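The values are calculated or read from the model by the stated rules, or taken from the named source; none is laboratory data. A quick note: this is a predicted structure, and the numbers were derived from the prediction, not measured. Cβ: placed from backbone, ideal geometry, glycine included. Neighbour counts: every protein chain shown.
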Amino acid sequence: GDSVTQMEGPVTLSEEAFLTINCTYTATGYPSLFWYVQYPGEGLQLLLKATKADDKGSNKGFEATYRKETTSFHLEKGSVQVSDSAVYFCALSDLALIQGAQKLVFGQGTRLTINP
Amino acid sequence: EAQVTQNPRYLITVTGKKLTVTCSQNMNHEYMSWYRQDPGLGLRQIYYSMNVEVTDKGDVPEGYKVSRKEKRNFPLILESPSPNQTSLYFCASSFFGTSVTDTQYFGPGTRLTVL
């Protein structure tokens, strides 16, 4: 079945450092790929998404490119801020066999802490 | 404001005492879903609903029930909670839930502890 694997956390960086959070996936169909962010005490918010191979999603300085050849969707940011401290989830979206319903499959999450 | 709301946000209960977690969305979305979040496991789908009166099991449905009598509401029912259902629960919704490109919008979460 479909699966998503993220790099193990937690990740701790200093402000203005470069960030990469690795994400790889396994899917049988043609999924869309998402990054969600969960700030402390809050629900998940969509950070960015890409719907086909070679698409680049971007938002708030974060970027990720849908790489079908390496089945990856790594999250990057050039200069992180303290306010980026959160848990980041990579997810793929496929269609379930029953009813053709959308199905989100999540990675385990990566906790990011940015120190001033 | 477009949003998904959940109540309660925090709940501590005892084994076997029936409880309901409510979920409501004001975006006229057809599709709604429940997830549980556990450390190291990410989010796993419990149940989903494509429309009123249409529900189906996700990956971890055991011990849970749902109903969809109105488009905006999708309550999660634990008829006899057990300690292994201690978790953080999220409700989500999207417009149709029939496309891989749909964005799901999440509620703030309900932290449940079963003693």
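What the table below lists for this structure:
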| item | result |
| --- | --- |
| Region A:62-79, residues that are without any contact (Cβ under 8 Å) to a residue 24 or more places away in the chain and farther than 14 Å from A:I21 by Cβ | A:R67, A:K68, A:E69 |
| Per-region count, region B:35-52, residues over 16 Å from B:C91 (Cβ atoms) and touching a residue at least 40 places away in the same chain (Cβ under 8 Å) | 1 |
| Any hit, region B:58-66, residues being in contact with an Asp or Glu (Cβ under 9 Å, 6 or more places away or on another chain), among the aromatic types (F, W, Y) and at pLDDT 95 or above | yes |
| Failed item in (1) closer than 18 Å to A:G107 by Cα; (2) among the hydrophobic types (A, V, I, L, M, F, W, C); (3) modelled with pLDDT of 95 or more, with A:V80 passing the rest | (1) |
| Count - residues of region B:63-89 that are acidic (D, E) and free of Cβ contacts under 8 Å to residues at least 60 places away in the same chain | 1 |
| Single condition A:V82 does not satisfy, out of (1) touching a residue at least 60 places away in the same chain (Cβ under 8 Å); (2) more than 11 Å from every other protein chain (Cβ to nearest Cβ); (3) under 28 Å from B:Y31 (Cα atoms) | (3) |
| Residue count for region A:1-10, restricted to those that are surrounded by 16 or more Cβ atoms within 10 Å (Cβ to Cβ) and more than 11 Å from chain B (Cβ to nearest Cβ) | 1 |
| Meets criteria (at the interface with chain B (Cβ under 9 Å from one of its Cβ atoms), within 30 Å of B:C23 (Cα to Cα) and over 13 Å from the mean Cα position of the chain (by Cα)) for A:P31 | yes |
| Looking only at region B:14-28, and only at residues there that are farther than 11 Å from B:V4 by Cα and surrounded by 12 or more Cβ atoms within 10 Å (Cβ to Cβ), the one that is nearest to the chain's Cα centre (by Cα) | B:V21 |
| Those strands (runs of 3 or more DSSP E) lying entirely in region B:12-115 with at least 1 residues within 14 Å of another protein chain (Cβ to nearest Cβ) and among the aliphatic types (A, V, I, L, M) | B:19-25, B:31-38, B:42-51, B:54-57, B:87-94 |
| Residue within region A:104-113 that is in contact with a strand residue (DSSP E or B) (Cβ under 7 Å, 6 or more places away or on another chain), closer than 29 Å to B:S49 by Cα, outside any loop (DSSP other than H, G, I, E, B) and among the basic types (K, R) present | no |
| Evaluation of A:C90 against (1) free of Cβ contacts under 8 Å to residues at least 60 places away in the same chain; (2) over 21 Å from A:S14 (Cα atoms) (one fails), failing number | (1) |
| Some residue of region A:52-61 being more than 8 Å from every other protein chain (Cβ to nearest Cβ), hydrophobic (A, V, I, L, M, F, W, C) and buried (at least 20 other Cβ atoms within 10 Å of the Cβ) | no |
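For every residue, the table says whether it meets (1) crowded, with 21+ Cβ neighbours inside 10 Å; (2) β-branched (V, I, T); (3) out of contact with any helix residue (DSSP H, G or I) (no Cβ under 9 Å at 6 or more places or on another chain).
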{"site": "B:P8", "(1), (2), (3)": "no, no, yes"}
{"site": "B:I12", "(1), (2), (3)": "no, yes, yes"}
{"site": "B:E30", "(1), (2), (3)": "no, no, yes"}
{"site": "B:Y35", "(1), (2), (3)": "yes, no, yes"}
{"site": "B:V54", "(1), (2), (3)": "no, yes, yes"}
{"site": "B:V60", "(1), (2), (3)": "no, yes, yes"}
{"site": "B:P81", "(1), (2), (3)": "yes, no, yes"}
